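Heads up: the structure comes next, in structure tokens.
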Amino acid sequence: MQTLSDFLRNSDTSTELQQLLITLADCGVEISALVRGGALAGVLGATESENVQGETQKKLDVIANDLIKDKLAAQPLVKALASEEEDYVVAGHADGQFLVSFDPLDGSSNIDINSLVGTIFSVLPAQDGVDGEAAFMQPGRNQVAACYMLYGPATVLALTTGNGTLMFSLDPSDNQYKLVDAKVTVPEQTAEFAINMSNQRFWQPAMQQYIHDLLLGKEGPRAKNFNMRWIAAMVGDVHRVLSRGGIFTYPQDTKNPAKPFKLRLMYEANPMALLVEQAGGIASTGYETILDIEPTEIHQRVAVILGSKQEVEHCLSYHK
Ligand code: AFP
């Protein structure tokens, strides 16, 4: 079976990007081992500190964040990095070619219940003369690569460099990622949706109506029954969408008027949007294609509707 390194070597990915991707993949191998260690690795539970989003950081979030930061600091190709867990952009090597943003442990509330978590990376090209946060203010369309590692029963790596989406699985016998799907394809139709239903009363009318119609099933306007899944880790929900299709959404809500959106553009929405688009799906806010958003700040949050083409288009028709 083809390893990630073999695949990259035989692809038209630049040597520099290959090196960076191997570094990111290695971070996943180490974090996967920590996650598997669970309580025995002494990594569960919360720290006292809060991150910039005002959320209590789990111990493993901090460990994963530091691990990635250290690995990327040692990588001369990285000009700067931005993490969901860092208040500010961290400078790297002045002549580095790449900017890396990441969510070190997505779905961290799942850690203590031994459920799915993962790591998400987005890679942008560095630009001459633009430093700090300003360097990251590029639309997701500019990403040269996006990937996630999902730490589940198996550790999997989904990767795109803008030429389709590929899936690798981490072989525990030699700690190598092996190619399991060279052309991930999201089915255009689905009968499965993912949304946090507990927020229903806070959604905008368009999303209220769309979900209402899904719930009517065979007797409603959609004339078919829908099933629901919610993993509470975007990385897990997107993996399901890439594996068998579906629609995943975290829409705008009024639960906390100061925070109408939940998911982060740079660390979650953009990399997942590229992976889903490259697999034939769609990713939108309801009003704008995610990858076309011009970011205004590093920790920006957005509404997300992504997945199977026809179903997302159907959902978007309610937003017109
Ligand atoms: P954390 O990484 O802070 O745990 O957040 C995960 C997440 O941003 C995303 O991965 C999930 O889809 C979403 O939150 C879950 O949100 P709910 O708590 O509303 O289920």
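The values are calculated or read from the model by the stated rules, or taken from the named source; none is laboratory data. The shown structure was predicted, so the numbers you read here are calculated from the model rather than taken from an experiment. So basically every Cβ, Gly included, is an ideal-geometry build from the backbone, and we count neighbours across all protein chains shown. For the accessible areas, the whole protein counts, side chains as well, though only heavy atoms, and no ligand, DNA or RNA atoms are used. Shrake-Rupley method; radii C 1.70, N 1.55, O 1.52, S 1.80 Å.
With N as its number of residues, region 156-234 has a Cα radius of gyration that, divided by 2.2 N^0.38 Å, comes to 1.55.
Quick one: angle between helix 15-37 and the longest Cα principal axis of the chain, in degrees between 0 and 90, rounded to 10, please. So the helix axis and the longest Cα principal axis differ by about 70 degrees.
Over the chain, average the accessible area per residue using a 1.4 Å probe and give it in Å², no decimals.
Numbers: 13400 Å² over 320 residues.
Counting only protein heavy atoms, the per-residue value for the chain is 42 Å².
Listed by chain and number, the lysines whose alpha-carbon sits under 19 Å from that of LYS320, ignoring those within fewer than 8 places in the same chain, are LYS309. Shape analysis of region 4-181 yields a ratio of the Cα radius of gyration to the Kirkwood radius, Rg/Rh, of 0.96. Spin-label model, LEU216 to ASN163: label points 7 Å out along the Cα-to-beta-carbon direction sit 4.7 nm apart.
Roughly how many percent of the accessible protein surface of the chain is carbon and sulfur, given a 1.4 Å probe and a whole-percent answer? Carbon and sulfur atoms account for 50 percent of the accessible area of the chain. Shape index of the chain: Rg/Rh, with Rg the Cα radius of gyration and Rh the Kirkwood radius from the inverse mean 1/r over Cα pairs, equals 0.95. Rounded to the nearest whole Hz, the Karplus-based 3J(HN,Hα) values (6.51 cos²θ - 1.76 cosθ + 1.60, θ = phi - 60°) of region 272-283 follow the sequence 5, 4, 5, 4, 6, 4, 5, 9, x, x, 10, 9, with x at glycine and proline. Against the main long axis of the alpha-carbon atoms of the chain, helix 234-244 sits at an angle near 70°.
Just the Kirkwood number for region 151-284, please: inverse of mean 1/r across all distinct Cα pairs, in Å, one decimal. Working shown, then result.
Details: mean 1/r = 0.0613 Å⁻¹.
Result for region 151-284 stands at 16.3 Å.
Got a sec? Charge dipole of the chain, +1 on Cβ for Lys and Arg, -1 for Asp and Glu; which of GLY152, SER83, ASN225 is way out at the positive end? Highest projection toward the positive end goes to ASN225. Relative to the present Cα-Cα distance, how much length would full extension add between MET1 and ARG141 at 0.36 nm per residue of separation? That works out to 47.3 nm of additional length.
Net charge around LYS224, counting only other residues with Cβ within less than 12 Å of its Cβ (Lys, Arg = +1; Asp, Glu = -1)? Overall, the nearby charge balance is -2. Taking Cα centre as origin and charging only the Cβ of basic (Lys, Arg, +1) and acidic (Asp, Glu, -1) residues, the dipole magnitude of region 4-181 rounds to 440 debye.
Among the aspartates and glutamates, which have Cα under 18 Å from the Cα of LYS224 when same-chain residues fewer than 8 positions away are ignored? Of all the aspartates and glutamates, those that pass the test against LYS224 - Cα under 18 Å, at least 8 places apart if same chain - are GLU188, GLU192, ASP213, GLU311, GLU313. Globularity index of region 267-320 is 1.09 (Cα radius of gyration / 2.2 N^0.38 Å, N = number of residues).
Solvent-free Debye calculation, one equal scatterer per alpha-carbon of region 88-204: log10 I(q)/I(0) at 0.17, 0.21, 0.22 Å⁻¹ equals -1.11, -1.24, -1.25. Of the residues LEU242, GLN209, ILE305, the one whose Cα sits farthest toward the positive end of the charge dipole of region 163-320, with +1 on the Cβ of Lys and Arg and -1 on the Cβ of Asp and Glu, is GLN209.
So, with +1 on the Cβ of K and R and -1 on the Cβ of D and E, and no other charges, what is the size of the charge dipole of the chain about its Cα centre, to the nearest 20 debye? Spell out each step's value before the answer.
Details: 24 positive and 39 negative charges, 231 e Å.
Roughly 1120 debye, rounded to the nearest 20.
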